[in-house]
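The values are calculated or read from the model by the stated rules, or taken from the named source; none is laboratory data. All figures in this text were calculated on a predicted structure; none of them were measured in a lab. All Cβ positions, even for glycine, are placed from backbone atoms using ideal geometry, and neighbour counts span all protein chains on display.
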Amino acid sequence: MRSHVAAALLAVHGSLASLPLPGGEGGVGFDDLRYSPELRRLLVPAGRTGRLDLVDPATGAVESITGFSASRWSAGHGDGTTSADAGAGLVFASDRTARTVEVVDPGARRIVARARLEGGPDYVPGADSADLTVLAVGSRGDLSPLGSVPTAPGAHCVAADDAGNAWVCDPAMGRLLVVHDPFPAGR
């Protein structure tokens, strides 16, 4: 029933596409998803796959950086690389299993440095909702809800790109969902 509701809402308000990730067939323990304007890529720490995926939102091309801890998916998001951010031309990513922070050269697509941590790195996700709520930001920073779009059970990471698309993780299916703006700013 819920999938029919999602399909109906998307047909009225926008479109939804999926992008399979390398090694994601068995599920991915997503925890974080971020867009880097500097790299013009989505940073997709692909959990248990042992990869940090860089996704070009314009083409859907996926470049994988390997070398992170890999494991079988256990329906959680505590294995492998689960969080990443970019700065100064580099990507900094956690590896929860190895208890390290890795420094990645995105141009060379390889890990160039790592630091061992005393404890496991973490990221605190939002609520475990299967809906993406879209908010408008007013000129004074005030927020008002425009509406919601159903996504996937357990989806709690999202990033937006320069074109206004929202990229949402689907952990059980090991893919990203692309929500094309159902509430254009001109409305």
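Condition (residue is within 21 Å of ASP56 (Cβ to Cβ) and either of a type in the set (A, V, I, L, M, F, W, C) or modelled with pLDDT under 55 (or both)) applied to region 3-15: is it met by at least one residue? No: zero hits. Among the residues making up region 29-57, those that are touching a Lys or Arg at 6+ places or on another chain (Cβ under 8 Å) and in contact (Cβ under 8 Å) with a residue 24 or more places away in the chain are GLY29, TYR35, LEU42, LEU43, ARG48, LEU54, VAL55, PRO57. One residue alone among SER83, SER18 is modelled with pLDDT of 85 or more, touching a Pro at 6+ places or on another chain (Cβ under 6 Å) and within 26 Å of SER148 (Cα to Cα), and that residue is SER83. Taking each residue of region 138-164 that is within 25 Å of SER18 (Cβ to Cβ) and outside any loop (DSSP other than H, G, I, E, B) and looking for partners that are modelled with pLDDT of 80 or more and of a type in the set (Val, Ile, Thr) with beta-carbon atoms closer than 8 Å, six or more apart or interchain, yields VAL149/VAL179; VAL158/VAL168. In region 58-67, of all residues being part of a loop (DSSP other than H, G, I, E, B) and either without any contact (Cβ under 8 Å) to a residue 24 or more places away in the chain or touching a His at 6+ places or on another chain (Cβ under 9 Å) (or both), the one that is nearest to ASP105 (Cα to Cα) corresponds to ALA61.
Here is a check on your reading of the model: is ARG41 modelled with pLDDT under 90, basic (Lys, Arg) and crowded, with 21+ Cβ neighbours inside 10 Å? Considered against the rule, which asks whether it is modelled with pLDDT under 90, basic (Lys, Arg) and crowded, with 21+ Cβ neighbours inside 10 Å, ARG41 comes out as no.
Restricting attention to region 24-38, which residues are part of a loop (DSSP other than H, G, I, E, B) and modelled with pLDDT under 90? Passing the criteria: GLY27, VAL28, GLY29, PHE30, ASP31, ASP32, LEU33.
Counting only residues that are within 30 Å of MET173 (Cβ to Cβ), assigned to a loop (DSSP other than H, G, I, E, B) and at pLDDT below 85, region 97-123 holds 5 of them. If you filter region 61-80 down to residues that are in contact with a Gly (Cβ under 6 Å, 6 or more places away or on another chain) and among the small types (Gly, Ala, Ser), you find that the one that is modelled with the lowest pLDDT is GLY76.
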